[in-house]
Amino acid sequence: MTDIMTNSIGMALILLPAGAFTMGGDWDAEQADENELPKHEVLFDKPFYIGRVTVTQSQWQAIMGDNPSEFSGEDHPVDSVSHEDVREFIKRLNAKEGTGTYRLPTEAEWEYAARAESTSTYCFGPETGRLAKYAWFKNNSAGSTHPVGQLDPNDWGLHDMHGNVHEWCADWYVRDYYAASPSRHPAGPRKGVARVLRGGDWGSEAWYCRCAIRSLSSPQRRSPRVGFRLVRGLDEHAGRKKSSGFLNKVFATR
Ligand SMILES: [Ca+2]
């Protein structure tokens, strides 16, 4: 029943259902950082697509014409791209496909996707001993990225949410945001100086690969530990259809 779309550069995106989940870490079970508290309910009243894997070097090359990655391999995640570089990639991909629907996930969308209904430390449960089946991290990466999608996916079919590369999210990072977060489609604070990163990377200890862990970086920074995956929303698509229909009607009656 999985609904998958494949776009013009071969990127597979999986449709996640609308739903609610509990966002945040657990103080007792996983020694969550204070910035992961309090746990709070988050609701998505619309489904959205998210990349099955992170954006690869060949996909980056197809849109941007270059490859800034520290580790090379067409099927490896693109790395060493800043938040600002990613915004340019998204702008060009949207233009190429004549849409406005590609964007980075919000931090809440990212955690919803990573958990795939797990309420535990990782998408598969609390046992750190099983992490190597799902994640390239310090213990098994040999100090580099690995081709995307080689390890086990979570229950929604998403690979590499834990480990391989840290992933940029759309939100500004504010340490105590969860105390003020709206419950419906939270999109992060209005202002900030750093952007959110999620999910751990090839150099991370297991604790930094948890579903709830929050990290941050300057939007200008390019790190070999950081890449991204994309969301494709449904809303704007519907909105565009409507407005172009309206325009057609106007032109037709002239
Ligand atoms: Ca990742």
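Key figures for this structure:
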| read-out | value |
| --- | --- |
| Matching residues, the range 12-27, being free of Cβ contacts under 8 Å to residues at least 40 places away in the same chain and not aliphatic (A, V, I, L, M) | PRO17, TRP27 |
| Residue among GLU109, GLU70, GLU117, GLU74 that is within 16 Å of the ligand (Cβ to nearest atom) and part of a loop (DSSP other than H, G, I, E, B) | GLU70 |
| Among (1) within 22 Å of ALA20 (Cβ to Cβ); (2) within 14 Å of the ligand (Cβ to nearest atom) - the single one ARG184 does not satisfy | (2) |
| Count of residues meeting criterion [among the small types (Gly, Ala, Ser) and touching a His at 6+ places or on another chain (Cβ under 6 Å)] in the range 111-164 | 2 |
| Residue count, the range 87-127 (criterion: more than 28 Å from SER58 (Cβ to Cβ) and in contact with a Ser or Thr (Cβ under 6 Å, 6 or more places away or on another chain)) | 1 |
| Criterion: crowded, with 19+ Cβ neighbours inside 10 Å, at pLDDT 95 or above and more than 22 Å from PRO38 (Cα to Cα) - qualifying residue of ASP160, ASP171 | ASP160 |
| Residue among ILE50, ILE9 that is in a strand (DSSP E or B) and surrounded by 12 or more Cβ atoms within 10 Å (Cβ to Cβ) | ILE50 |
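The values are calculated or read from the model by the stated rules, or taken from the named source; none is laboratory data. If you're wondering where the values come from, they're calculated on a predicted model, not measured in any experiment. A quick note on method: Cβ atoms are made from the backbone with ideal geometry, for glycine too, and the neighbour counts reach across all protein chains shown.
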